[in-house]
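**Q** Have a look at this one.
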Amino acid sequence: MNDPVLIVGGGIGGLTAALALQRQGVRVEVFEQATRIGDVGAGISLGPTASRGLYSLGLEASLRATADTPRPSAALHFQTREVLGGSFADRDWRALDQSMNHHIHRADLYELLTAAVRAQDADAIHLDHVFLDFSEDRDGVTAEFANGRRLRGCALIGCDGIRSTVRARLWGSEDPRFTGWVVYRFLVPMERAQPYMSTAGTFVGPGRSLLRYTVRHGSLVNCVTFVRSETLRGEGWSQRASTEELLALFPDWHPDVRGLAANAPFDGTAKWALYDRDPLPAWTRGRTTLLGDAAHPMLPFLGLGAATTIEDAVVLGRAFGEAAAVGSETWTQDCLRCYERARLPRANTLLLESRHQGQIFDDGPDGERRPLMSWEERNHYDPATASLA
Ligand SMILES: Cc1cc2nc3c(=O)[nH]c(=O)nc-3n(C[C@H](O)[C@H](O)[C@H](O)COP(=O)(O)OP(=O)(O)OC[C@H]3O[C@@H](n4cnc5c(N)ncnc54)[C@H](O)[C@@H]3O)c2cc1C
């Protein structure tokens, strides 16, 4: 295998996949459309499966040094701050080893991954490369970019997010559906947030909730709220909300919620409309496959999108590392098929589970949860050792 694996997209999926493949001795080239790596998003929560995956790629020390460890949390009534029972109670927290959970600023996670990929190969990441199309022949794939470059690889991995061009080329283009949900996120410096942080937990009320956790060693409080809105459209953090708009979301909510909203930085609140897609029955065709949001865009109600993406990447690396008959005519295709077989059922179930959780948010504190996957199956999975059979 002399040609590299071509990776489209330099997000969490593309960078983690690059590192996982590099660590198996596979040469990779990552193509990112932006002129710099990273996005302006705020915090991200990484659960135990993501942690196991990143640790297996040699990132345990840097992750622990950079990320915050969550405090045990609970679901709180939106007005009284009482701990809620039933489906919203975070009753599984005690069963979780908290040292396996991390809250990290997205920019810091990108930084960590980029440094690790570049440490393996300083020239592996190509910025300002908008992927357009690909063609495949008997010996490999050729990817075409908007800047006129055409590059040859042994395989192509589409890690280009919910509006993936690779996915559209493989399976046809179909616009994702607007869910009617909008996410607001804002970061409050701890010196201003402190008075409103005496209780850890997520405030849950009918039609919305406010999740809070710290990043950057407790110096910032990351706040995320999911709100029903039939009007807002568009993706990305580029749409801004004023403090007044934010406060209007929580007219009769607990003073802790209103206090945090009132202290959101001026013009620092971003809005993101949430879109959904149905699970795909297959990701791979020939030498091309999908990974992360391109394969299974996941609504963020369970905070599992990046974790599932990291799981994919680690398994993809192992599929290349453990494949038999290296150099055989169908070796690359065998690796991709092995990856898909090992990952697709779990990822699609988590996609449906995340959608289901949104429905429960809609129902309010009394909604009942009927999980499609047990808590153990969700959290005990280890992408570094899971069966590839
Ligand atoms: C509000 C919100 C909160 C979330 N919170 C969490 C959380 O707490 N925990 C968690 O696990 N998950 C969370 N997620 C989900 C998580 O962010 C995603 O699942 C994850 O970022 C997916 O990574 P990705 O690399 O597959 O896609 P993306 O992050 O979308 O990256 C795709 C990359 O491909 C590039 N690209 C796109 N098209 C092209 C092209 N044609 N050519 C070249 N490059 C291209 C893009 O510029 C981008 O860099 C959240 C999501 C949202 C919306």
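The values are calculated or read from the model by the stated rules, or taken from the named source; none is laboratory data. The structure displayed is predicted, hence computed values, not measured ones. FYI the Cβ positions are ideal-geometry reconstructions off the backbone, even for glycines, and counts take in every protein chain you see. The protein model used for the area step is the full one, side chains on, heavy atoms only, and it has no ligands, DNA or RNA in it. Shrake-Rupley method; radii C 1.70, N 1.55, O 1.52, S 1.80 Å.
**Q** Among 198, 242, 209, whose Cα lies farthest out toward the positive end of the dipole of the chain, if unit charges sit on the beta carbon of Lys, Arg (+1) and Asp, Glu (-1)?
**A** Value: 198.
**Q** Can you classify segment 1-69 as rounded, prolate or oblate using the Cα gyration tensor, where a ≥ b ≥ c are the square roots of its eigenvalues, rounded means a/c under 1.5, and otherwise it's prolate if a/b beats b/c and oblate if not?
**A** Details: a/c = 2.73, a/b = 1.34, b/c = 2.03.
Oblate shape, in that a/c is at least 1.5 and b/c is the bigger or equal ratio.
**Q** A further question on this structure: Distance between Cα centroids, segment 106-173 to segment 276-354: provide it in whole Å.
**A** Value for the Cα centre distance between the two parts: 16 Å.
**Q** State, to one decimal in nm, how far the label point of residue 62 lies from the label point of residue 83, with both points 7 Å from Cα in the Cβ direction.
**A** About 3.8 nm, to one decimal.
**Q** What net charge do the residues around residue 140 carry, taking every other residue with its C-beta under 9 Å from that of residue 140, with Lys and Arg at +1 and Asp and Glu at -1?
**A** Details: positive: 138, 152, 287; negative: 3, 136, 137, 139.
Taking every other residue near residue 140 into account, the sum is -1.
**Q** Check every DSSP H run in the chain and write down those whose alpha carbon atoms cover 27 angstrom or more along the long axis and whose mean Kyte-Doolittle hydropathy is -1.0 or greater. Mind showing how you got there, number by number?
**A** Numbers: long enough: 331-363 (49 Å, -0.87).
Passing helices, by number: 331-363.
**Q** So for the pair residue 147, residue 285, with labels modelled 7 Å out along Cα→Cβ, what separation do we get in nm?
**A** So the label points at residue 147 and residue 285 sit 2.8 nm apart.
**Q** Work out the length of the dipole vector of segment 113-156 about its Cα centre, built from +1 on the beta-carbon of each Lys and Arg and -1 on the beta-carbon of each Asp and Glu, and round it to the nearest 20 debye. Present the calculation step by step, with values, prior to reporting the outcome.
**A** Working: 5 positive and 8 negative charges, 19 e Å.
Approximately 80 debye in magnitude.
**Q** Please report the relative contact order for the chain, taking Cα pairs under 8 Å with a sequence separation of at least 6, and give it as a percent rounded to a whole number. Working shown, then result.
**A** Values: 806 pairs, mean separation 88.2, N = 389.
The value is 23 percent.
**Q** Let me ask something else. Hey, can you grab everything whose amide H is under 5 Å from the amide H of residue 24? Only 5+ residues off in sequence or another chain; H modelled, so Pro and N-termini drop out.
**A** Close amide H contacts, sequence-distant or interchain: none at all.
**Q** Send over a whole-number figure in Å² for the accessible area per residue of the chain, probe 1.4 Å.
**A** 41 Å²
**Q** If you don't mind, another one. Can you compute the charge dipole magnitude of the chain about its Cα centre, using +1 on each Lys and Arg Cβ and -1 on each Asp and Glu Cβ, nothing else charged? Give it in debye, rounded to the nearest 20. Walk me through the numbers before you get to the answer.
**A** Numbers: 41 positive and 48 negative charges, 42 e Å.
The dipole of the chain has a size of about 200 debye.
**Q** Related question: What per residue convex hull volume, in Å³, comes out for segment 121-225 when only alpha-carbon positions are used? Let's see the in-between values first.
**A** Details: hull volume 19.9 nm³, N = 105.
It is 190 Å³ per residue.
**Q** Right, here's the next one. Ignoring ligands, DNA and RNA, what percent of the 1.4 Å accessible area of the chain is carbon and sulfur? It would help to have the intermediate numbers written out before the result.
**A** Values: 7810 of 15910 Å².
About 49 percent, which is the carbon plus sulfur part of the accessible surface.
**Q** Let me ask something additional. Tell me, what ³J(HN,Hα) does each residue in segment 23-37 have, in order and in whole Hz, if you take phi through Karplus 6.51 cos²θ - 1.76 cosθ + 1.60 with θ = phi - 60° and put x for Gly and Pro?
**A** 5, 9, x, 9, 7, 10, 10, 9, 10, 10, 6, 6, 8, 8, 7
**Q** Running Debye on segment 239-341 with equal point scatterers at the Cα sites and no solvent, what base-10 log of I(q)/I(0) appears at q = 0.19 Å⁻¹?
**A** Reported log10 I(q)/I(0), two decimals: -0.95.
**Q** While we're looking at this one, here's another question. Between residue 179 and residue 2, with labels modelled 7 Å along Cα→Cβ, what's the label distance in nm to one decimal, could you check?
**A** Those two pseudo-labels are separated by 4.7 nm.
**Q** Work out how much length residue 242 to residue 359 would gain on full extension: take 0.36 nm times their residue separation and subtract the Cα-Cα distance, in nm to one decimal.
**A** That pair, residue 242 and residue 359, stretches by 39.4 nm at full extension.
**Q** Next question. Quick one: Karplus J couplings for segment 272-288, per residue in order, coefficients 6.51, -1.76, 1.60, θ = phi - 60°, nearest Hz, x for Gly and Pro?
**A** 9, 6, 9, 10, 9, 9, 6, x, 8, x, 8, 10, 10, 9, x, 9, 10
**Q** Suppose R0 equals 41 Å. What FRET efficiency, 1/(1 + (r/R0)^6) with r the Cβ-Cβ distance, do residue 163 and residue 73 give to the nearest 0.05? Kindly include the intermediate steps, with their values, before the conclusion.
**A** Working: r = 32 Å, r/R0 = 0.79.
Once the sixth-power term is evaluated, E becomes 0.80.
**Q** May I ask you to give the average projected area over all directions of the convex hull of the Cα atoms of the chain, in nm² rounded to one decimal?
**A** On the way: hull surface 72.2 nm².
One quarter of the hull surface, i.e. the mean projection, equals 18.0 nm².
**Q** Quote to one decimal, in nm, the extra length available between residue 374 and residue 35 on full extension: 0.36 nm per residue of separation minus the C-alpha distance between them.
**A** Details: separation 339, 0.36 × 339 = 122.04 nm, distance 4.12 nm.
The span from residue 374 to residue 35 would gain 117.9 nm if fully extended.
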